[in-house]
Amino acid sequence: MKVISSCVVGAAIAGGLTQFWGVSAPAPHGGIFVIPAMPSIHSAIFFVVSIIIGAVVSGVIFGIFKRKEEIRKKHIDIKHKNIV
């Protein structure tokens, strides 16, 4: 669930940025493979920048989720060791 939610947020941000910057792609679902078919260099550059920003946001969110889980597991282990 952590992976899906972080990917959804990153993809939404990337999609929002492409709309904000007015990127027009012939097949937006094609990922980086449609870059050569883009109508202008402006669209291609901002498309790549949007993908990078979305990927970084996804990674940061997943890292935060993962870190919280590790801290929680350590806390549970410490509590369990003190009881025994």
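The values are calculated or read from the model by the stated rules, or taken from the named source; none is laboratory data. Remember, it's a predicted structure, so these values are computed and weren't measured experimentally. All Cβ positions, even for glycine, are placed from backbone atoms using ideal geometry, and neighbour counts span all protein chains on display.
Of a type in the set (V, I, T), surrounded by 10 or more Cβ atoms within 10 Å (Cβ to Cβ), part of a helix (DSSP H, G or I) and at pLDDT below 90 - does that describe any residue in the stretch 8-29?
Scanning the stretch 8-29 turns up no residue that is of a type in the set (V, I, T), surrounded by 10 or more Cβ atoms within 10 Å (Cβ to Cβ), part of a helix (DSSP H, G or I) and at pLDDT below 90.
When I52, I76, I71, I32 are screened for being modelled with pLDDT of 85 or more and assigned to a helix (DSSP H, G or I), only I52 passes.
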